[in-house]
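Trainee: I have a structure here, written as C-alpha cells, and I will follow up with some questions on it.
The values are calculated or read from the model by the stated rules, or taken from the named source; none is laboratory data. What you are looking at is a predicted structure, and each value in this text was computed from that prediction instead of being measured. We place every Cβ from the backbone using ideal geometry, glycine too, and count neighbours over all the protein chains shown.
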Amino acid sequence: MRIVVLTGFASIATAVEAIKLGACHYLAKPANADDIEGGFTREEGDATVSLSDRSTSIKNLEWERIHEVLVDTDFNISETARRLGMHRRTLARKLEKRRLD
C-alpha cells in the first residue's frame, strides 16, 4: 500500500511526520491529478529537484499552529483558545477571516 498526503496546510513539520509515518509522497494544495498520480508511482526522492527558497510568513506559521491545535482538540474553539493562550473571541475572529474548508 502507498500513501500520498495531500494537504492545504503544508509545513515542514507535517511533511516530516507524514514521511516518518510511511507516506511515500507529500503534496501541498493546489495539486493537479498528474501530481497526485505521480506521487503514487514514486519509489524514492529526487535529490536533483531544487528546493524552494520561499520563506514562511508569520501569518502562515500562526495559521498552521492554530490549525494544529484545532485538530488536537477536535475543533473545540474554547479549548483551542485556552491552549493557545488567547481569548476565545480573538480566535473566532481569526477563524472567520480564514475559513477551514
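Trainee: Cβ-Cβ below 9 Å, separation at least six or inter-chain, first residue in the stretch 64-88 and within 14 Å of A13 (Cβ to Cβ) and not assigned by TED's automatic domain parsing to the domain that holds S11, second at pLDDT below 90 and β-branched (V, I, T): which pairs?
Mentor: E64/T14; E64/T56; E68/T14
Trainee: Select from the stretch 30-59 the residues that are within 22 Å of V69 (Cα to Cα) and modelled with pLDDT under 80 and list them in ascending order.
Mentor: Scanning the stretch 30-59 gives T56, S57.
Trainee: Still on this structure, I have one more. Any residue that is modelled with pLDDT under 80, in a loop (DSSP other than H, G, I, E, B) and over 24 Å from R98 (Cβ atoms) - is there at least one of those in the stretch 5-23?
Mentor: No: the stretch 5-23 contains no residue that is modelled with pLDDT under 80, in a loop (DSSP other than H, G, I, E, B) and over 24 Å from R98 (Cβ atoms).
Trainee: Here's a follow-up. Among the numbered criteria (1) in contact with a strand residue (DSSP E or B) (Cβ under 9 Å, 6 or more places away or on another chain); (2) part of a helix (DSSP H, G or I); (3) modelled with pLDDT of 85 or more, which single criterion is violated by V69?
Mentor: Of (1) in contact with a strand residue (DSSP E or B) (Cβ under 9 Å, 6 or more places away or on another chain); (2) part of a helix (DSSP H, G or I); (3) modelled with pLDDT of 85 or more, only one is false for V69: (1).
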